[in-house]
Amino acid sequence: MIPLEGSHPSVEETRRRQLVEVTIDSLAELGYVGTTLAQIANRAGVSPGLVAHYFGDKDGLLDAAFRSLARRVGNQVSVRLRRVSTPRGRIQAVIDANLAPEEFEQRTGTAWLAFWGQVLHVKSLRRVQSVYQQRTLSNLRSSLKKLVPADEAQRLAAMIAAMIDGVWLRAALSGWREADSESARALLTAFVDGRLSQAASSQSAPSIETPALPGSARARTSGPHGGERFASVNPATGKVLGLVTADGSAQVNAAVVAAKKGQEIWAAMTGAERARVLRRTADILRSRNRELAELETRDTGKPIQETLVVDVASGADCLEYFAGLAQSLSGEHIDLGAQAFGYTRREPLGVVAGIGAWNYPLQIACWKAAPALACGNAMIFKPAELTPFTAIKLQEILLEAGLPPGVFQVVQGFAETGRLLTRHPDIRKVSLTGEVGTGKAVMSDAAQNLKNVTLELGGKSPLIVFDDAKLDNAVAGALLANFYSSGQVCSNGTRVFVHRSIKAAFLGRLVKRVSAMRIGDPMNPETQVGALVSEQHMHKVLAYIERGRAEGARILAGGIRVTTGDLANGYFVAPTVFDNCRDDMAIVRDEIFGPVMSVLEFEDEQEVIERANATEFGLAAGVFTNDLTRAHRVIARLQAGTCWINHYNVTPIELPFGGVKLSGLGRENGRAAIEHYTQLKSVYVAMGDVDAPY
Ligand code: NDP
């Protein structure tokens, strides 16, 4: 019997264990047949009588050795199970313990193999094997039942157990050449994730209520927990997609309590363990790409051809990137001479809040959650009330991937719910994506208890096309800078400055391409321009177009709402290009957040830099030129946080993203984000005596 931790084994127990270890060595070297009592006694340097005294005969000794191996795996399973609380995490614990590196060592592995060969012939070994197998199945089944229906749980548990045995056996029979512990675990993990996501999509129970309310997205009634219930509308059809209940202070407070509990568990896990959960989340997101993209398209009105390749993928990339960083978070060592040294610890902030805008709901949730979670924080996320659905899916997927409960939670609602987060004394940071006005309100609320803030706000960014630019690239860049997601992109380059000498040619090619863009049902894969997010927003965009016309700008393309055929009830605006623009026009000054491009003319570099910088915003900027030195010279002088040379609106996760001036504070993505989700603790360590002058 293995003594309890902390108690001391007796001499007898120590001797028994010694003999068991010698038996395992012998089995590894000589196999079952070659292992005899005399041979064990000889190896252990004791008399055969003593071995017989402890174990009776050879079968007794081998039985004890087999039990010892099985118990060791059992103990490993228990230890790992104690560390996790989610069903997915518990399944992983069983896999990881059974396929741990030590089970792939030549010595242990060959001993196991010797036993498996005898199980059919030796009754006592069969008993041990059966108990071991039943325990594995029952551990798997009980966790699986929380994720899939009972009969599927039964089937899946048997499959996982069989795969564990199969992978291990194959490695053993190939002399440990064909598989190692890590790749075996990766194989099982991918299998389990695949099956679970298949099961989840076949259940497909969206946590949204069935539509009952006709009317607009802002229709409010009373919900089940007393909070207001609001309808989310498909902007392409004007039809209600589902009802959501706004969370009030009771729900936000409960979320904070759960987040604090979860955060303690999460922060105590190693970076490698956290990374694993984030990587699994990325895998599940990718495996459910189509389903999530379709939901995002219905909720936002963006074309499926965009959501299929950008929204989910960018979220998954972000999770994967920060999974990588989670394993490398560290402080530094500081040499303070012979008598002392110092070090810094990079610690999580605790519970943090994310508040999202409606243009990239899932991507924004991932861009905030990934760095926050990688650093060991818990996050409470509020999506925009216009697009509430995919954040809930992210919460489900994170749980499925093994995130402890409470570590990522979604609360729903309007600005009032957001305010409950920004003012909450136990929330240590708020990361907002939204308008400048909202940014100011959030920062002011956060100041009451000195929360950290990251603000990703609006912009009115310049895109400068010099006379030596490759024209087709510049036109393509201008299209990407204005019409992706129907122009609802914060970093859009809506002030397109084109050098006087090439403006006519630029406009000719631009208008031709804009006029050929396909506006239509966002679910149709051919559609390039979908709907704007809401009726109210569409009217705002149309009002700006009218104002541009009234102020003397000339419309070269678009400028109208599109209501043909099936689009009649949706909120579609044709991609619009204005020429004859002046810097003081409203369409050139204000963020419209719709498919409206203003083209401006310039003569020289100094002039265009000054005009490009003459705005309160500073989110992004782009330059098209073939002159290498000019490109870098101009970029260095532009007041913007995110810049492109000869491209526009590409946002790889590796590059920090964010703005200057009124466009925001802090950065998302890249290593820079780590700074915004951690705090440093400085530790002074004395190595000598304390010399006090008192
Ligand atoms: P809003 O500022 O209207 O809303 C953003 C989020 O903040 C929503 O969830 C909103 O709730 C919530 N909110 C509103 N008021 C408060 C408050 N006082 N306290 C706490 N939360 C609050 O932005 P939009 O959703 O209209 O998004 C468009 C804006 O986002 C544009 O200006 C765009 O430029 C910017 N944006 C910036 C990006 C960047 O990275 N820089 C990227 C994408 C968008 P609800 O709406 O549900 O009531």
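The values are calculated or read from the model by the stated rules, or taken from the named source; none is laboratory data. Not measured: the values here are computed from a predicted model. Neighbour counts run over all protein chains shown; Cβ positions are idealised from the backbone, glycine included. With ligands, DNA and RNA removed, areas are computed over all heavy atoms of the protein, side chains included. Shrake-Rupley method; radii C 1.70, N 1.55, O 1.52, S 1.80 Å.
Among S181, S201, S207, which is modelled with pLDDT under 85 and touching a Leu at 6+ places or on another chain (Cβ under 9 Å)? Reasoning before the result, please.
Details: S201 fails: touching a Leu at 6+ places or on another chain (Cβ under 9 Å); S207 fails: touching a Leu at 6+ places or on another chain (Cβ under 9 Å).
S181 is the lone residue from the list that is modelled with pLDDT under 85 and touching a Leu at 6+ places or on another chain (Cβ under 9 Å).
Tell me which residues, restricted to segment 316-364, are closer than 27 Å to G413 by Cα, more than 16 Å from the ligand (Cβ to nearest atom) and either open to solvent by 50 Å² or more (accessible area, probe 1.4 Å) or part of a loop (DSSP other than H, G, I, E, B) (or both). If the condition is that a residue be closer than 27 Å to G413 by Cα, more than 16 Å from the ligand (Cβ to nearest atom) and either open to solvent by 50 Å² or more (accessible area, probe 1.4 Å) or part of a loop (DSSP other than H, G, I, E, B) (or both), then L349, G350 are the ones that fit.
Within segment 223-272, the residues that satisfy the criterion of being among the aliphatic types (A, V, I, L, M), open to solvent by 20 Å² or more (accessible area, probe 1.4 Å) and under 30 Å from R83 (Cα atoms) are A250, A254, V257, A258, I265, A267, A268, M269, A272.
Does E603 satisfy the condition of being in contact (Cβ under 8 Å) with a residue 40 or more places away in the chain and of a type in the set (D, E, K, R)? Spelling it out, E603 is indeed in contact (Cβ under 8 Å) with a residue 40 or more places away in the chain and of a type in the set (D, E, K, R). Take the conditions more than 16 Å from the ligand (Cβ to nearest atom) and surrounded by fewer than 23 Cβ atoms within 10 Å (Cβ to Cβ) and apply them to T651. Does it pass? Against the criterion (more than 16 Å from the ligand (Cβ to nearest atom) and surrounded by fewer than 23 Cβ atoms within 10 Å (Cβ to Cβ)), T651 does not qualify.
Working carefully through the options V599, V511, find the one that is more than 27 Å from T300 (Cα to Cα) and touching a strand residue (DSSP E or B) at 6+ places or on another chain (Cβ under 6 Å). From the options V599, V511, the qualifying one is V599.
Within segment 85-106, the residues that satisfy the criterion of being surrounded by 21 or more Cβ atoms within 10 Å (Cβ to Cβ) and not in a helix (DSSP H, G or I) are T86, L99.
Out of curiosity, is I587 closer than 20 Å to M517 by Cβ, open to solvent by 20 Å² or more (accessible area, probe 1.4 Å) and not aromatic (F, W, Y)?
no
Among the residues of segment 7-44, just one is of a type in the set (V, I, T), open to solvent by 80 Å² or more (accessible area, probe 1.4 Å) and under 25 Å from G175 (Cα atoms), namely V33. Note on segment 412-445: among residues that are touching a helix residue (DSSP H, G or I) at 6+ places or on another chain (Cβ under 7 Å) and open to solvent by 50 Å² or more (accessible area, probe 1.4 Å), the one that is farthest from the ligand (Cβ to nearest atom) is D426. Scanning segment 554-573 for residues that are part of a loop (DSSP other than H, G, I, E, B) and surrounded by fewer than 22 Cβ atoms within 10 Å (Cβ to Cβ) turns up G559, I560, T563, T564. Against the conditions (1) away from the ligand (no atom under 16 Å from the Cβ); (2) touching a residue at least 60 places away in the same chain (Cβ under 8 Å); (3) open to solvent by 20 Å² or more (accessible area, probe 1.4 Å); (4) closer than 20 Å to S485 by Cβ, E535 satisfies every one except (1). Here G477 meets each of (1) of a type outside the set (V, I, T); (2) more than 9 Å from the ligand (Cβ to nearest atom); (3) surrounded by fewer than 22 Cβ atoms within 10 Å (Cβ to Cβ) with one exception, condition (3). When each of G666, G622, G618 is tested for being farther than 20 Å from N482 by Cβ, within 16 Å of the ligand (Cβ to nearest atom) and either among the small types (G, A, S) or buried (at least 16 other Cβ atoms within 10 Å of the Cβ) (or both), the lone residue that passes is G666. When G458, G402, G406 are checked against the criterion of being within 7 Å of the ligand (Cβ to nearest atom) and either buried (at least 23 other Cβ atoms within 10 Å of the Cβ) or among the acidic types (D, E) (or both), a single residue qualifies: G458.
Quick check on my filter: what residues within segment 367-392 are more than 11 Å from the ligand (Cβ to nearest atom) and either surrounded by fewer than 24 Cβ atoms within 10 Å (Cβ to Cβ) or within 25 Å of H537 (Cα to Cα) (or both)?
Step one: of segment 367-392, the residues more than 11 Å from the ligand (Cβ to nearest atom) are 369-380, 389-390, 392.
Within segment 367-392, F389, T390, I392 qualify.
Between a residue in segment 454-482 that is touching a residue at least 24 places away in the same chain (Cβ under 8 Å) and of a type in the set (G, A, S) and any residue that is within 16 Å of the ligand (Cβ to nearest atom) and assigned to a helix (DSSP H, G or I), which pairs come within a Cβ distance under 7 Å, given they are 6 or more apart or on different chains? Every condition considered, the pairs that remain are G458/V436; G458/S663; G459/S663.
Is it the case that R630 is over 16 Å from L532 (Cβ atoms), out of contact with any Pro (no Cβ under 6 Å at 6 or more places or on another chain) and open to solvent by 50 Å² or more (accessible area, probe 1.4 Å)? So R630 does not fit the description; no. Looking only at residues in segment 45-62 that are part of a helix (DSSP H, G or I) and among the aliphatic types (A, V, I, L, M), the one that is surrounded by the most Cβ atoms within 10 Å (Cβ to Cβ) is V51.
Could you tell me whether any residue of segment 509-531 is closer than 26 Å to L638 by Cβ and buried (at least 19 other Cβ atoms within 10 Å of the Cβ)? Yes, because at least one residue in segment 509-531 is closer than 26 Å to L638 by Cβ and buried (at least 19 other Cβ atoms within 10 Å of the Cβ).
Checked against (1) β-branched (V, I, T); (2) over 19 Å from R611 (Cβ atoms); (3) within 16 Å of the ligand (Cβ to nearest atom), V685 passes all but a single condition, namely (3).
Note on segment 596-694: enclosed strands (runs of 3 or more DSSP E) holding 3 or more residues that are touching an Asp or Glu at 6+ places or on another chain (Cβ under 8 Å) are 678-686.
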